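Comments concern the structure below.
Laboratory data are not the source of any read-out in this text; all were calculated from the coordinates shown. This one's a predicted model, so the numbers in the text were calculated from it and none came from an experiment. Ideal geometry is used to build each Cβ from the backbone, glycine not excepted, and the neighbour counts take in all protein chains shown.
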Amino acid sequence: MSLLEAEIGKEYIISSIETDDEELDSFLFSLGCFSGEPITVVSRRRSGCTVAIKDARYNIDNELARAILI
């Protein structure tokens, strides 16, 4: 399932990132968003969501959330 379907406040483990964009893939890796890492959806908005990865929070749009599989 994608991050769009995740429950708010529940910790998940990233299973994979499905994107053909190498730049986006390396950007996510620099944030600590890669397979095997825990991720939590903190809040959700119409245009995206706020996620917690390691000790940081990031705002990501729905397209990016759809590419992150948990």
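Could you grab the relative contact order for the chain? Cα pairs under 8 Å, six or more apart, rounded to a whole percent.
Once normalised by length, the contact order is 42 percent.
Roughly how many debye, to the nearest 20, is the charge dipole of the chain about its Cα centre, given +1 on each Lys and Arg Cβ, -1 on each Asp and Glu Cβ, and no other charges?
Working: 7 positive and 13 negative charges, 103 e Å.
Dipole about the Cα centre, nearest 20: 500 debye.
Taking only Cα atoms and a 10 Å spring cutoff, compute GNM fluctuations for the chain and point out the largest among 53, 13, 39.
13
Sticking with the crude label model, points 7 Å out along Cα→Cβ, report the distance from residue 19 to residue 59 in nm, one decimal please.
Each label point is offset 7 Å from its Cα along the Cβ direction, giving 1.7 nm.
Answer with one residue from 59, 42, 26: the one whose Cα lies farthest towards the positive end of the charge dipole of the chain, charges on Cβ with Lys, Arg +1 and Asp, Glu -1.
42
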